[in-house]
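First the structure, in the form of structure tokens, and then the observations on it.
The values are calculated or read from the model by the stated rules, or taken from the named source; none is laboratory data. The shown structure was predicted, so the numbers you read here are calculated from the model rather than taken from an experiment. Here the Cβ positions follow ideal geometry from the backbone for every residue, glycine too, while neighbour counts run over all protein chains shown.
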């Protein structure tokens with residue numbers, strides 16, 4: 001009996017593990033190809049940042065630590081959507097493989113700094129699966145960048161979903177820096193049910209084992 005309960009708990013746990021989905025975003029922290037230590041301006045349509053395509057006027061690919069505004073949340077590189085060379089707005093996008101009807105959670109870091117005439121505020125516009133939402137970066141009082149993490153859930157509408165980040169402010173007044181972009185799927189209801197089952201079976205297995213030891217004693 002005890003061995004059977006342990007086997008059922010193991011199978012439930014393995015099924016739950018199989019339900020977990022790996023990270024959908026490739027190069028979410030923009031570490032590849034790297035370089036650009038003084039900041040590289042990438043025009044719209046550029047694929048220089050591995051896995052991503054720039055939009056509108058493009059973006060600035062930066063290493064904030066080298067620029068003097070401090071480290072980023074993950075790795076060394078980040079993307080400033082407010083490209084100061086061309087004032088027509090900037091953006092970046094990546095198309096993800098998704099499952100229609102599946103719920104996903106997007107998380108990303110957004111930051112700002114009061115530096116080179118910018119006021120330390122900015123916005124990041126996110127478009128994904130019909131969602132169009134504006135996020136404010138944390139307000140920075142000094143040259144040292146401040147960061148926050150934003151999360152949002154979305155439901156995929158097809159087998160491919162384009163994730164897009166935009167900034168349409170005056171880039172001579174604002175920064176809008178992003179890093180650590182991640183998209184993962186939420187576990188389906190049946191997986192949560194299996195998780196509960198695994199817990200119950202594990203508890204039952206321990207109780208049976210304890211009872212057996214009492215009888216043996």
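Being over 21 Å from residue 149 (Cβ atoms) and touching a helix residue (DSSP H, G or I) at 6+ places or on another chain (Cβ under 7 Å): is that true of residue 60 here? Taking the combined requirement at face value, the residue does not satisfy it. Of the candidates 159, 88, the single residue that is surrounded by fewer than 16 Cβ atoms within 10 Å (Cβ to Cβ), at pLDDT below 95 and touching a strand residue (DSSP E or B) at 6+ places or on another chain (Cβ under 8 Å) is 88. Answer with yes or no whether residue 78 is touching a helix residue (DSSP H, G or I) at 6+ places or on another chain (Cβ under 9 Å) and modelled with pLDDT of 95 or more. So residue 78 fits the description; yes.
For the criterion of being at pLDDT below 95, surrounded by 14 or more Cβ atoms within 10 Å (Cβ to Cβ) and not in a loop (DSSP other than H, G, I, E, B), residue 166 fails.
The criterion of being surrounded by fewer than 18 Cβ atoms within 10 Å (Cβ to Cβ) and assigned to a strand (DSSP E or B) does not hold for residue 22.
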